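For reference, the structure discussed in these notes is given below.
The values are calculated or read from the model by the stated rules, or taken from the named source; none is laboratory data. A quick note: this is a predicted structure, and the numbers were derived from the prediction, not measured. All Cβ positions, even for glycine, are placed from backbone atoms using ideal geometry, and neighbour counts span all protein chains on display. Areas reflect the complete protein model, heavy atoms only, side chains present, ligands, DNA and RNA absent. Shrake-Rupley method; radii C 1.70, N 1.55, O 1.52, S 1.80 Å.
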Amino acid sequence: MDPDAVAKAFVEHYYSTFDMDRSGLANLYQDNSMLTFEGQKIQGSTNIVSKLVSLPFTQCKHTITTVDCQPSGPAAGMLVFVSGTLQLAGEQHGLKFSQMFHLMPTPQGSFYVFNDIFRLNYA
């Protein structure tokens, strides 16, 4: 398994799903997953997806600038760090963001998001 290839495939899947139908992200999280969104901690797949679906915009487009990854610990997890731009419909300027995912393997051979930290980058 090439970690860079897994990270790239995950990032493409995550953001294309987010941009088209945020509720479709539910299968990437589990009950023990945690999202920290702009400092707010949210636990569990249902609560995480409720938060993402409730964000105050309906259309957006992520443009990814960088994807960095590292293997994480003896459980064969993976850290994935993403930076990019979030363009909201009707807005002239995109918002820069950073997001970190801690992916953990499933018994079925795929990965789920154990930790997810999202921040807009204000400069």
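Structure values in brief
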{"quantity": "Scope the stretch 87-123; condition over 17 Å from residue 36 (Cβ atoms) and under 15 Å from the mean Cα position of the chain (by Cα); matching residues", "calculated": "96, 111"}
{"quantity": "Matching residues, the stretch 100-123, being open to solvent by less than 50 Å² (accessible area, probe 1.4 Å), among the β-branched types (Val, Ile, Thr) and outside any loop (DSSP other than H, G, I, E, B)", "calculated": "113"}
{"quantity": "Extreme residue, nearest to residue 94 (Cα to Cα), among residues of the stretch 20-67 that are part of a strand (DSSP E or B) and without any contact (Cβ under 8 Å) to a residue 40 or more places away in the chain", "calculated": "63"}
{"quantity": "Those residues of the stretch 20-57 which are under 23 Å from residue 71 (Cα atoms), within 12 Å of the chain's Cα centre (by Cα) and open to solvent by 30 Å² or more (accessible area, probe 1.4 Å), in sequence order", "calculated": "34"}
{"quantity": "Every residue from the stretch 1-19 that is in a helix (DSSP H, G or I), among the aliphatic types (A, V, I, L, M) and surrounded by fewer than 14 Cβ atoms within 10 Å (Cβ to Cβ)", "calculated": "5, 9"}
